[in-house]
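Reviewing the structure listed below.
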Amino acid sequence: MRCPYCAADNTQVKDSRSTEDGAAIRRRRVCSVCGGRFTTFERVQLRELIVVKRSGKREPFDRAKVERAVAIATRKRGLDEARIDRMISGIVRQLESSGEAEVSAAEIGQNVMEALRTLDDVAYVRFASVYRNFSEARDFEAFVSDLAETVHARNNAAQEDGGPS
């Protein structure tokens, strides 16, 4: 593994441990040239995915882009990082196991929105505002109104089942 600080090729693994319920391995590394320390992750990849953008451009799927988008949506929400990482891993596994080598950016965005909806309503609205390109306050108003109806229905169903509201 190349050092991200000095680009030397000789780095050593100092510690390895399983993460994400065994779905990945986290490795702490140190560069023998500059002494820099960094972390790498090793994950199973079922297939190479190609993302088809709205413009028609194709590029390799990049998990880091999904992670950045989710990080922005969940910023300052106090959500468990492990839960967020499991959510992202679930989205990636779902895409990889779909059987398709190409996936549209719209499908990825929709999967992220659905996952965020179950994780945190505020993060869901934040992501949707960018993904759906809200341009006016009334766009937010209509979206939040639909969300409020869904939350209200969910709470009513939980009360009827005797669960917490």
Handout entry: Top-ranked residue in the stretch 5-24 [being acidic (Asp, Glu) and in contact (Cβ under 8 Å) with a residue 24 or more places away in the chain; ranked as surrounded by the fewest Cβ atoms within 10 Å (Cβ to Cβ)]
Key = ASP21
Handout entry: Residue that is farthest from ARG63 (Cα to Cα), among those in the stretch 109-165 that are of a type in the set (Asp, Glu) and modelled with pLDDT of 80 or more
Key = ASP121
Exercise for the section: Give the residue, chosen from ARG27, ARG54, ARG2, that is surrounded by 12 or more Cβ atoms within 10 Å (Cβ to Cβ) and modelled with pLDDT under 95. Expected result: ARG27
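The values are calculated or read from the model by the stated rules, or taken from the named source; none is laboratory data. Because the structure is predicted, anything quoted here is derived from the model rather than measured. When we count neighbours, we look across all protein chains shown, and the Cβ atoms used for this are built from the backbone with ideal geometry, even at glycine.
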